[in-house]
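One structure is given here, and the rest of the page talks about it.
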Amino acid sequence: MRQRLSVSEPQVTADRPQSATSPPAIIWIAAGPLDGRTAEPVLAGLGLAMRWASGVTDVLTELRDRPTAICLLDCTRTGEALRIARSLRAEHPRAVLIGIVDPSRPESTVDAFRAGVFDVLPWPIVPWDLSAVIANAKDLAALSAAAPPERVEVSPYGVFGTSPAIRKVLELLPRVSPSRCPIVLYGERGTGREMLARAIHGHGRRGDAPFVSIDCSSATPQEIEDELFGGVSLRRAGGAEERRALERVTTESKLYRASGGTLFLVNLPEMPARVQAKLHRVLRDREVDITRERRRIELDIRPITAVEPGFEAVVEEGRLRRDLYERLSLIRIELPPLRQRREDVPFLVNHFLKEICRAGGMPLKTITRSGVTLLAALPWRGNAPELRAVLERLVLLTPHGSIRLEDVLSQVRIDGSEVAAAGGMSLRDARLRFERDYIASVVRQHHGRMGEAAAALGIQRTNLYRKLRQLSVVRQGPEPRG
């Protein structure tokens, strides 16, 4: 009696984690003359058993209880094999389909990929080739088990992820939140600066106090001054008015409303020099005069400022007062861009998919591990908002419940920018092009050191060699020593 085995599908879901502890079920689909028994000794050596199927009906019956099995499909007679492949992709998109092809007929390989196979093996099967394919599938299952867990890991500060870069940020927050020290959040747009500022505010002693934000690029110079300090009644009449010891504000000003709480400043270099000088004076004195009321109050404000990389150059150029910058940047927290915390992409994908589907009133969609791997490899110059926008499109445009690699490729370019509306190649060809370019890039990055390149790609070294041959990737030699 043959052992009944199950497999962990490389899927990311919001509430159901995948397990990589069970060995994958292997099904040989006899759509041609090849003798699948030649693969049994290799599979037995890996601790795996193989089941048998022939014809579409037989295959679908086998997959009813094993929807995530690895299927070895005889593609040497392409007609029947391609019909089976298309049926499997439509009915069981989570099954991993490997095509067995005739190397003397290159067109059979192209046809197999177009029909939706995940990978191909030339006949006769080379044992280490088959071992590499199976090991790669098991690696994918292990990756899916590692991320994300049953509940998306979210810190008390609303920050997603477990990468070293984001953990470094999270370690600082409990220490800085209770204080009143000014903070500069240093990071690109889309790295969650305002979210983090609100989290620091909410977890500090000022949690019940106002959180007041001002974008210095969204108004004219006079409007910025009026927002911070009050209306037109504060404008001095030439130089006739006696100079006051303290700056004046109205009870409608943002400085007054932020008293006891947090003032969040964005695009600070756009603030006019005159207003910068006044703000510095307020932060230095911590007191203001209330206009029309002839009284002064202590202004207890914690400023949190969001700045972008290269901000020091703005200070050097004189667009921002150095004394104001020094007063605002007592504590500096650097927020890493998404491309520097790729380990956190699965957590964000999981969260965004759940959020998008819930907001749209639709069933939760999953995404395959290969789809997540591609998303994690992209540069995301717009950071998390750009990732969310791509996922929103994928949720709306993907007709099936599982977002696959082909679906992701249809919505992104390899360099991370959005795709044009018109495509010049099929999704399968796009997938092959990406795989070839990406593997070549990683091998170049590691100067031809195949062990390091394989580790970076998350595959075994033998599988990397096979991919290089299969995709005709020219391998760069190792870096000279000395």
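The values are calculated or read from the model by the stated rules, or taken from the named source; none is laboratory data. Quick caveat, the model's predicted, so the values are computed rather than measured. Note: ideal-geometry Cβ built from the backbone for every residue, glycine included; neighbour counts use all protein chains shown. Accessible surface areas use protein heavy atoms only, side chains included; no ligands, DNA or RNA. Shrake-Rupley method; radii C 1.70, N 1.55, O 1.52, S 1.80 Å.
For Ser213, the residues 5 or more places off, or on other chains, whose built amide H falls under 5 Å of its own are Phe264. With protein chains left intact and a 1.4 Å probe, residues in the range 49-137 average 39 Å² of accessible area per residue.
Here the Karplus relation 6.51 cos²θ - 1.76 cosθ + 1.60, evaluated at θ = phi - 60°, turns the backbone of the range 45-52 into coupling constants of x, 8, x, 10, 10, 10, 9, 10 Hz, with x for every Gly and Pro. With a simple spin-label model that places each label point 7 Å from the Cα along the Cα-to-Cβ direction, the separation between Tyr438 and Glu107 comes to 3.0 nm.
The phi torsions of the range 27-38, fed into the Karplus equation with coefficients 6.51, -1.76 and 1.60 and a -60° offset, translate into couplings of 10, 8, 9, 7, 9, x, x, 5, 9, x, 5, 5 Hz, rounded to whole numbers, with Gly and Pro shown as x. Annotation: lysines with alpha-carbon distance below 18 angstrom to Lys254 (same-chain offsets under eight excluded): Lys278. Name the residues whose placed amide hydrogens come within less than 5 Å of the amide hydrogen of Cys71, ignoring near sequence neighbours (fewer than 5 apart) on the same chain. Amide H to amide H, under 5 Å and 5 or more residues apart or across chains, Cys71 pairs with Ile27, Val96, Leu97, Ile98.
Close amide H partners of Glu334, meaning residues 5 or more places away or on another chain with modelled amide H under 5 Å apart, are Tyr186. Considering the zone a paramagnetic label at Arg37 would reach in this model (a point 7 Å from Cα along the Cα-to-Cβ line), which residues of the range 75-109 have amide N under 13 Å from it? Output list for this probe position: empty. So which lysines pass the test for Lys467, namely a Cα distance under 30 Å, with those fewer than 8 places away in the same chain ruled out? Those lysines meeting the cut-off are Lys138. Rounded to 0.05, the FRET efficiency of the Arg189 and Ala456 pair, given R0 = 35 Å and the Cβ-Cβ distance, is 0.80. If you take all other residues with their beta carbon under 11 Å from the beta carbon of Leu82, and give Lys and Arg +1 and Asp and Glu -1, the sum is +3.
Between Glu317 and Ala219, the FRET efficiency estimated from the beta carbon spacing at R0 = 22 angstrom works out to 0.50. Given their separation in residues at 0.36 nm each and the Cα-Cα distance between them, Arg332 and Leu471 gain 45.4 nm when the chain is fully extended.
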